[in-house]
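The values are calculated or read from the model by the stated rules, or taken from the named source; none is laboratory data. Keep in mind that this is a model prediction, so the values were computed, not measured. Using ideal geometry, Cβ is built from the backbone for each residue, glycine included, and neighbour counts are taken over all protein chains shown. When the accessible area is computed, the model is the full protein with side chains, heavy atoms only, and any ligands, DNA or RNA have been set aside. Shrake-Rupley method; radii C 1.70, N 1.55, O 1.52, S 1.80 Å.
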Amino acid sequence: MTSDRVVLADNLEVARFHVRDRLDRGATQLALLCRRAAADPVTPPPGEADRYVELTERVVALYEQRQYVAALALLDAEQGTLPTYRSDLAHLAACLHSVAGDPDAALADLRGAAAEGAWWHPRLLLEDDDLAPVRALPGYHALVEQAAARSSVAQAAARARPPVVRRPTGDRPAQALLLVLHGAGQDAAQAAA
């Protein structure tokens, strides 16, 4: 009976991680889209989005196995090669440093990315369980305030962009409406293609 409880607890913890990961990815993707809207639209160079997805899948797999140092090594090896995803990767590195017991390095990851213009939705910084030890460090709340200000500007700019609308071609009138919501890592133009 005890081993069944341990397995159930482990499975529940894995499920919680996946739910949290999906929420974090959603907030991260929202932040990425807002950043794109705040400036000129940014299209990652060919292959960059695929490399980002591959990298994060490998890093998350190591995270789930609690192999934080190995996951950090993967991120370090890609340092600077995925500029479109700088803030996302800095958040990931900060989480890894934090759970590995080095909250100072986690804060340094976030500060370094912020100095290069990166930002995150404040909820991501305030609610991510992995960053709990970092929140107690001096300067963390100033970083959150900076991210919140940048997020507000980007979200206001995102609201100003019109939606992508494709109307039927030819003489036939539209008979139905198909609403497509783009997925993580895509923008509206990519989803419409």
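Residue order by solvent-accessible surface for Ser98, Ser152 is Ser152, Ser98, largest first, with ligands and nucleic acids left out and a 1.4 Å probe.
Averaged per residue, what accessible area in Å² does the stretch 43-163 show with a 1.4 Å probe, protein chains only?
Value for the stretch 43-163: 50 Å² per residue.
Sorted largest first by accessible area at a 1.4 angstrom probe radius, with every protein chain in place, the residues Val134, Val153, Val99 fall in the order Val153, Val99, Val134.
Residues in the stretch 98-103 carry Karplus couplings, in order, of 5, 5, 7, x, 10, x Hz; the curve used is 6.51 cos²θ - 1.76 cosθ + 1.60 with θ = phi - 60°, and Gly or Pro positions show x. Since only Gly139, Pro122, Leu96 are under comparison, the one whose Cα sits farthest along the positive direction of the charge dipole of the stretch 85-168, derived from C-beta charges on Lys, Arg, Asp and Glu, is Pro122.
Once you have the Cα-Cα distance between Ala70 and Ala176, take 0.36 nm times their residue separation minus that, and quote the gain in nm to one decimal.
On the way: separation 106, 0.36 × 106 = 38.16 nm, distance 5.02 nm.
Answer, rounded to one decimal: 33.1 nm.
For Thr169, Thr84, write out the residues from largest to smallest accessible area, computed with a 1.4 angstrom probe and no ligands counted.
Thr169, Thr84
Note: relative contact order over the stretch 55-168, using C-alpha pairs below 8 Å and six or more positions apart, is 19 percent.
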